[in-house]
Amino acid sequence: MPPLPLLRLPRLVQCEIFKLLSIGEKIQLSFCSKKVSTQINNARFYSQKVIVVLDCLNEKINVHSENNKETFEITTFWKNHRGGFLSVIRYLLKMFQCKISISNNYNSDLFQPTISMLFDLQVEFKKLTILLTGSKDHNLLWNQISKKLELVEDLKISSVPDPGFRPVFTSWPQTINIWRSYWFNLEYVLTCTCSRITLELSNLGNQDLDEILKNWKAGGLPNLKHLRVGSQRITNNGTAILGMAPLELQEKEIQTDDGSKKATINTGFQIFEMFFEMLIYQSVHVA
């Protein structure tokens, strides 16, 4: 069988061929020549969607298909570690429709420049984990990304105890999970537009939860699907929540004032604190 004249084929035919290639095959083919690479990049919007998992600590990049059936690993060996790592990421962004996943890499020198570049390029994140300590570098990074958090599907924040720590949110991710969330007070919750909010080591107490539930019942927090709070300030003998002690809310079903949504409440103990969990769903009206 004669060789396929790939570069002389019409663009739509090329796109169909590129669709048939695996992630690894497409990356390897792009190395054949600059012209091949350009043609693959031109067909980016016909390309498969991938998750690019960045391991800044070990300078590795894994490219996964959305269903995780395909994966291709890239290890960088540039003398200029930062330049090499960032150039590979930019190379992949030109080739695929990418979402980025990066976690527990904040101790790497590559972490901050990588995150900064990706937000500047308006790249979407499947998962992003960051550390906020109130340091100058962390504050600079937060000021940059806090305006564009709508690019993030799942944001995880780890922070350190600091009474003066109050990051400002000018946008919100789809879901947020905060470890040491002592600073995420009632005002943050009531203005948050996330669909899932998870707060561990929180300072929220019974009165705060009562305010949150009353707000939700009145039509507030319209995007919320799931709320979980773990806090030592949730006590069974403290202020009533919707007229009940926290443990009385276990498996309790509540609904909004207009009846459009319902929620199931779970409460209990975890390690050294109580937890409060709320799962929200649409009411089903039978004609």
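Key figures
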| item | result |
| --- | --- |
| Of residues in the range 10-51 being closer than 23 Å to Asn62 by Cβ and small (Gly, Ala, Ser), the one modelled with the highest pLDDT | Gly24 |
| Any chance Gly134 is modelled with pLDDT under 90 and on the phi > 0 side of the Ramachandran plot | yes |
| Boolean, Ser171 is among the small types (Gly, Ala, Ser), within 29 Å of Gln48 (Cα to Cα), touching an Asp or Glu at 6+ places or on another chain (Cβ under 8 Å) and touching a residue at least 12 places away in the same chain (Cβ under 8 Å) | yes |
| Single residue of Lys94, Lys99, Lys60, Lys34 found to be basic (Lys, Arg) and within 19 Å of Val152 (Cβ to Cβ) | Lys99 |
| In the range 225-249, the residues that are part of a loop (DSSP other than H, G, I, E, B) and small (Gly, Ala, Ser) | Gly238, Ala240, Gly243, Ala245 |
| Leading residue by the ranking (farthest from Phe275 (Cα to Cα)) among those in the range 206-224 that are crowded, with 21+ Cβ neighbours inside 10 Å and not hydrophobic (A, V, I, L, M, F, W, C) | Asp208 |
| Test: residue in the range 103-117 that is in contact (Cβ under 8 Å) with a residue 24 or more places away in the chain, in a helix (DSSP H, G or I) and among the acidic types (Asp, Glu) | no |
| Total residues in the range 153-200, condition under 14 Å from Leu224 (Cα atoms) and part of a helix (DSSP H, G or I) | 4 |
| Pair list, Cβ under 8 Å, 6 or more apart: the range 8-31 residue free of Cβ contacts under 8 Å to residues at least 24 places away in the same chain, other residue among the hydrophobic types (A, V, I, L, M, F, W, C) and in a helix (DSSP H, G or I) | Leu9/Ile17; Ile17/Leu6; Leu21/Leu29; Leu29/Val36; Leu29/Ile40 |
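The values are calculated or read from the model by the stated rules, or taken from the named source; none is laboratory data. Since the model is a prediction, treat every value here as computed from it, not as a measurement. Note that we place each Cβ from the backbone using ideal geometry, even for glycine, and neighbour counts take in every protein chain shown.
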